[in-house]
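A.B. asks: Dropping a structure here in structure tokens format, bear with me for questions.
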Amino acid sequence: LTANIAIAAIFYYLFGLEMQLYSLAGLTISLNLIIDNAIIMSDQIIRRANRRVFMAILAATLTSIGSLSVILLMEEKIRENLQDFAWIIIINLAVSLFIALFLVPALVEKLRIVKKIRKQKRKRKLFAKLPKPQFLKRTGYKLRGKRIFVYLNRIYECIIMFMQRRKGWIIAIIILSFGLPVFMLPAKIGEKRGYYIVQNKEYGFWENLYNATLGSTFYRETIKPVSDVALGGTLRLFAQKVYNGSYSNERSETSLYITASLPNGSTKEQMDAIVRKMEDYIKQYSEIRQFETQIESGQRASIRVLFVKEHQRSGFPYTLKNRVVGKAIELGGGSWGVYGFGDGFNNSVYEQAGSNRIKLLGYNYDELRSLAEVMRDSLMQHRRIKDVTVDSKFEWYKTDYTEFVLDMERKKLAQENLLPLHLFRSMSPLFARNIRVGDWLYLDRAEGIRLYSMQSDKLDIWNMKNYPAKTDDREYKLADIAEIAKWQASQNIAKENQQYLLCVQYDYIGASLQAQKVTERQIEIFNNLAPLGYKAENDSYHWWGDSASGQYGLLLLIVVIIYFMTGILFNSLKQPFVVIFIIPISFIGLFLTFYLFKFNFDQGGFAAFILLTGISVNANIYVLNEYNNIRKIRPRISSLKAYIKAWNAKILPIFLTVFSSILGFIPFMTGEYREAFWFPLAAGTVGGLIVSFLALALFLPLFMGVKKQLIIDN
């Protein structure tokens, strides 16, 4: 471990890695993986006096590195958190290969462990040649350890053959234990919902067949409640019963938060004046250690109050909170919020902007604004959506900034053969101001001539809508072809990565899962119909990002990496499937861990999926590699005997590696609090490792198809 970490530290420096929380966690987790390689190599040298197991160590390590490398392919939000975590483990594993190949054999030889073992073997051979004493022959004495060892092997052989005779039933039980995703089947297929509805569409044969069978009312009401439970397995329990949310990682000291807000158009000076009155009130208490004030703008400000150590756990913070609430009501002049512990106080009259968020990006602002309005109209058609806001940034509360907007009816413009330019030209003389028409020379000096409409100060919105206008000998009123309304508008134009940004927010009256489906459907419709260069993204603040849930497809990439690595090692296209079949069984342990113990599943749980996919197959690789080596040396031996020999040779180092891996995650599960990310990562990995070890003992020989018959390789 010392040599491994010391050498790896050089690469940390060369790669520019920083030692922060994620890096230290990766270092802690990688320690047990480093120990695994050392245990396997030292066991091989001590028992066999060779390094033939190195190819298996190389394949197992590369599968772990490959599983972690997919983190670098994830979206930026997830990659920023996990890339240092992945790089630390990858570097440590790469260095551990050289440690296992060069340093471990040198240490074994230097410590003379092989020599001691060989001496013991010589003694056993020497005593074996000597005749047994007469009293041992009469009593039938045998070594008890060897007798128990033989009995255990016979019991294990019986279990293997029992499962081989019922192979079909065992595999069916495994599949049903994992679960079939029948509970995820849609109620109907072939329907488009939302703003864009296809009228009088004739569906195909398969769509009609699905809607008549799995989409029928009889199936949904009678069969589906039973089939989902019977066929869903642990996958259904995990998907439907496990809470998708992080543990709170806030461990700050006791604080009181005071917020102030003023109407739109207020200045920072006005906000500063009202906040100073609150500061003058709270600074009279000696129990307060300090307070920090932050004025974000003329509309938002906040104060954080910290207490001296003696009063952080006393009743004074609650007393002060009640007094601050009374002072806030007395001051008035704006809206106040007081929270931090207990019931919060807020006398704000602002309406929340909405918890469902859609981010729109595009290269043309006017076109993007037009597409945002189409999406707004589409969302407003839902009866559970009351209001939709479009702004340049996401806000907790709706802003009170509005503008007059001229909304033209395109159909009427086409019927009247008018263009928006015609409307502008006909209306601009009525309200024109500061129109430069020329210059007037006076005393060798030029003065600009500007025209102002006489009635511009007298006409209002009603006059503008009903004033008779004339274009090409045709008279019309603006109210007939357009509407003037006061709409909420964004005060700024925002950009993100050189793209214009608009933010759509709304509240959905109903279940959050249904609201999420509505959002995803609108995003899909927008991305399918929007021109090239425009896109919509889900920016709702869910547990660890909706985009991350789509990263589960990367697990298939890990499986492909494992298949090719093990295929090269075993020189086979079939044996890698034996290793891969263990992966979903290890997921059963992860599913049950989160379901039975009511743990929250967050981004750390997803990282546990990645780690399990890579390290749950390592033990199977070692056993299969040893099995292949035995078959090469003794081709006439039965597959069952070869497997038992491989199992006996590798069970002790494998048990030590799995046990050390579990111990490596124990520190993340201890303590008073359950930390976000780290606790789900440790819990999911430990549960998966335990089940993967049971799968190694019970199901690996089942998938290998070991038998008692002699096998002769030509």
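A.B. asks: Tell me the residue from I88, I40, I10 that is more than 22 Å from V623 (Cα to Cα) and open to solvent by less than 10 Å² (accessible area, probe 1.4 Å), please.
C.D. replies: Values: I40 fails: more than 22 Å from V623 (Cα to Cα); I10 fails: open to solvent by less than 10 Å² (accessible area, probe 1.4 Å).
None of the others qualify; the one that does is I88.
A.B. asks: Looking at D391 and the list (1) of a type outside the set (S, T, Y); (2) in contact (Cβ under 8 Å) with a residue 40 or more places away in the chain; (3) open to solvent by 80 Å² or more (accessible area, probe 1.4 Å), which single condition is not satisfied?
C.D. replies: (3)
A.B. asks: So, K411, is that one open to solvent by 60 Å² or more (accessible area, probe 1.4 Å) and either out of contact with any helix residue (DSSP H, G or I) (no Cβ under 9 Å at 6 or more places or on another chain) or β-branched (V, I, T) (or both) or not?
C.D. replies: Numbers: open to solvent by 60 Å² or more (accessible area, probe 1.4 Å): yes; either out of contact with any helix residue (DSSP H, G or I) (no Cβ under 9 Å at 6 or more places or on another chain) or β-branched (V, I, T) (or both): yes.
Here the answer is yes, as K411 does meet what is asked.
A.B. asks: While we're looking at this one, here's another question. Suppose we filter S302, S314, S370, S286 for residues that are touching an Asp or Glu at 6+ places or on another chain (Cβ under 9 Å), of a type in the set (S, T, N, Q) and more than 26 Å from L262 (Cα to Cα); which single one remains? Write out each step before concluding.
C.D. replies: Working: S302 fails: more than 26 Å from L262 (Cα to Cα); S370 fails: touching an Asp or Glu at 6+ places or on another chain (Cβ under 9 Å); S286 fails: touching an Asp or Glu at 6+ places or on another chain (Cβ under 9 Å).
That would be S314, the only listed residue that is touching an Asp or Glu at 6+ places or on another chain (Cβ under 9 Å), of a type in the set (S, T, N, Q) and more than 26 Å from L262 (Cα to Cα).
A.B. asks: Could you look through region 420-444, keep only residues that are without any contact (Cβ under 8 Å) to a residue 12 or more places away in the chain and open to solvent by less than 100 Å² (accessible area, probe 1.4 Å), and pick out the one that is farthest from P468 (Cα to Cα)? Step through it out loud before you land on a result.
C.D. replies: To start, the set of residues in region 420-444 that are without any contact (Cβ under 8 Å) to a residue 12 or more places away in the chain comprises 421, 424, 428, 438-444.
From what is left, the residues that are open to solvent by less than 100 Å² (accessible area, probe 1.4 Å) are 421, 428, 438-439.
Values: L421: 17, S428: 13, G438: 29, D439: 33 Å.
The residue in question is D439.
A.B. asks: Before we move on, is A515 crowded, with 19+ Cβ neighbours inside 10 Å, touching a residue at least 24 places away in the same chain (Cβ under 8 Å) and small (G, A, S)? First the steps, then the outcome.
C.D. replies: Details: crowded, with 19+ Cβ neighbours inside 10 Å: yes; touching a residue at least 24 places away in the same chain (Cβ under 8 Å): yes; small (G, A, S): yes.
Spelling it out, A515 is indeed crowded, with 19+ Cβ neighbours inside 10 Å, touching a residue at least 24 places away in the same chain (Cβ under 8 Å) and small (G, A, S).
A.B. asks: Now a separate question. It is to be established whether one or more residues within region 164-179 are at pLDDT 60 or above, on the phi > 0 side of the Ramachandran plot and surrounded by 12 or more Cβ atoms within 10 Å (Cβ to Cβ). Quick ask: steps written out before the conclusion?
C.D. replies: If we filter region 164-179 for residues that are at pLDDT 60 or above, which is where we start, we get 164-179.
Those still in the list that are on the phi > 0 side of the Ramachandran plot too: 179.
If we keep only those that are surrounded by 12 or more Cβ atoms within 10 Å (Cβ to Cβ) too, we end up with 179.
Yes, there is a match, as at least one residue in region 164-179 is at pLDDT 60 or above, on the phi > 0 side of the Ramachandran plot and surrounded by 12 or more Cβ atoms within 10 Å (Cβ to Cβ).
A.B. asks: Please state which one of K132, K137 is open to solvent by 100 Å² or more (accessible area, probe 1.4 Å), at pLDDT below 50 and assigned to a helix (DSSP H, G or I). Before the answer, list the steps.
C.D. replies: Working: K132 fails: assigned to a helix (DSSP H, G or I).
Step by step, each of K132, K137 is checked, and only K137 is open to solvent by 100 Å² or more (accessible area, probe 1.4 Å), at pLDDT below 50 and assigned to a helix (DSSP H, G or I).
A.B. asks: In this structure, does G66 turn out to be open to solvent by less than 30 Å² (accessible area, probe 1.4 Å) and of a type in the set (G, A, S)?
C.D. replies: Numbers: open to solvent by less than 30 Å² (accessible area, probe 1.4 Å): yes; of a type in the set (G, A, S): yes.
For G66, the condition - open to solvent by less than 30 Å² (accessible area, probe 1.4 Å) and of a type in the set (G, A, S) - is met.
A.B. asks: If you don't mind, there's one more thing I want to ask. On the basis of being within 29 Å of the chain's Cα centre (by Cα) and either open to solvent by 40 Å² or more (accessible area, probe 1.4 Å) or at pLDDT 85 or above (or both), does N356 make the cut? Walk me through it before giving the result.
C.D. replies: On the way: within 29 Å of the chain's Cα centre (by Cα): yes; either open to solvent by 40 Å² or more (accessible area, probe 1.4 Å) or at pLDDT 85 or above (or both): yes.
Yes: the conditions hold for N356.
A.B. asks: Condition check: open to solvent by 40 Å² or more (accessible area, probe 1.4 Å), in contact (Cβ under 8 Å) with a residue 40 or more places away in the chain and touching a strand residue (DSSP E or B) at 6+ places or on another chain (Cβ under 8 Å). Does Y339 satisfy that?
C.D. replies: Judged against the criteria, Y339 is a match.
Yes/no matrix, rows are residues, columns are (1) in contact (Cβ under 8 Å) with a residue 12 or more places away in the chain; (2) over 33 Å from the mean Cα position of the chain (by Cα); (3) surrounded by 12 or more Cβ atoms within 10 Å (Cβ to Cβ):
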{"position": "E475", "(1), (2), (3)": "no, yes, no"}
{"position": "E483", "(1), (2), (3)": "yes, yes, yes"}
{"position": "N492", "(1), (2), (3)": "yes, no, no"}
{"position": "E496", "(1), (2), (3)": "yes, no, no"}
{"position": "Q499", "(1), (2), (3)": "yes, no, yes"}
{"position": "C503", "(1), (2), (3)": "yes, no, yes"}
{"position": "A511", "(1), (2), (3)": "no, no, no"}
{"position": "I525", "(1), (2), (3)": "yes, no, yes"}
{"position": "P531", "(1), (2), (3)": "yes, no, no"}
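A.B. asks: Kindly indicate which of S297, S348, S314 is hydroxyl-bearing (S, T, Y), part of a loop (DSSP other than H, G, I, E, B), touching a strand residue (DSSP E or B) at 6+ places or on another chain (Cβ under 7 Å) and more than 30 Å from P531 (Cα to Cα). Write out each step before concluding.
C.D. replies: Working: S297 fails: touching a strand residue (DSSP E or B) at 6+ places or on another chain (Cβ under 7 Å); S314 fails: touching a strand residue (DSSP E or B) at 6+ places or on another chain (Cβ under 7 Å).
So the residue among S297, S348, S314 that is hydroxyl-bearing (S, T, Y), part of a loop (DSSP other than H, G, I, E, B), touching a strand residue (DSSP E or B) at 6+ places or on another chain (Cβ under 7 Å) and more than 30 Å from P531 (Cα to Cα) is S348.
A.B. asks: Now for a separate question. From the list D400, D387, pick out the single residue that is modelled with pLDDT under 80 and in contact with a Phe, Trp or Tyr (Cβ under 9 Å, 6 or more places away or on another chain). If you could, list the steps in order and put the result at the bottom.
C.D. replies: On the way: D387 fails: modelled with pLDDT under 80.
Residue meeting the stated conditions: D400.
A.B. asks: How do the pairs read when you match residues in region 445-473 that are open to solvent by 50 Å² or more (accessible area, probe 1.4 Å) with residues anywhere that are basic (K, R), using Cβ under 8 Å and keeping only pairs 6 or more apart or on different chains?
C.D. replies: I449/R436; R450/R436; Y452/R433; K465/K477; Y467/K477; P468/K477
A.B. asks: Could you please let me know if A106 is out of contact with any strand residue (DSSP E or B) (no Cβ under 8 Å at 6 or more places or on another chain), in a helix (DSSP H, G or I) and crowded, with 19+ Cβ neighbours inside 10 Å? Steps first, please.
C.D. replies: Working: out of contact with any strand residue (DSSP E or B) (no Cβ under 8 Å at 6 or more places or on another chain): yes; in a helix (DSSP H, G or I): yes; crowded, with 19+ Cβ neighbours inside 10 Å: no.
In short, no.
A.B. asks: Scanning region 657-685 for residues that are free of Cβ contacts under 8 Å to residues at least 40 places away in the same chain and farther than 15 Å from T28 by Cβ, which turns out surrounded by the fewest Cβ atoms within 10 Å (Cβ to Cβ)?
C.D. replies: Top of the filtered list is E672.
A.B. asks: Within region 235-290, how many residues turn out to be without any contact (Cβ under 8 Å) to a residue 24 or more places away in the chain, open to solvent by 60 Å² or more (accessible area, probe 1.4 Å) and under 34 Å from the mean Cα position of the chain (by Cα)?
C.D. replies: Number satisfying all stated conditions: 1.
A.B. asks: Of (1) within 26 Å of S177 (Cα to Cα); (2) surrounded by fewer than 24 Cβ atoms within 10 Å (Cβ to Cβ), N648 satisfies all except one. Which?
C.D. replies: Of everything listed in (1) within 26 Å of S177 (Cα to Cα); (2) surrounded by fewer than 24 Cβ atoms within 10 Å (Cβ to Cβ), N648 misses just condition (1).
A.B. asks: If R124 passes every condition in (1) modelled with pLDDT of 80 or more; (2) open to solvent by 100 Å² or more (accessible area, probe 1.4 Å) but one, which one does it miss?
C.D. replies: (1)
The values are calculated or read from the model by the stated rules, or taken from the named source; none is laboratory data. Here the structure is a predicted model, which means the values were calculated and not measured. Every residue, glycine as well, gets a Cβ built from its backbone with ideal geometry; the counts of neighbours run over all protein chains shown. Keep in mind that these areas ignore ligands, DNA and RNA; they rest on the heavy atoms of the full protein, side chains included. Shrake-Rupley method; radii C 1.70, N 1.55, O 1.52, S 1.80 Å.
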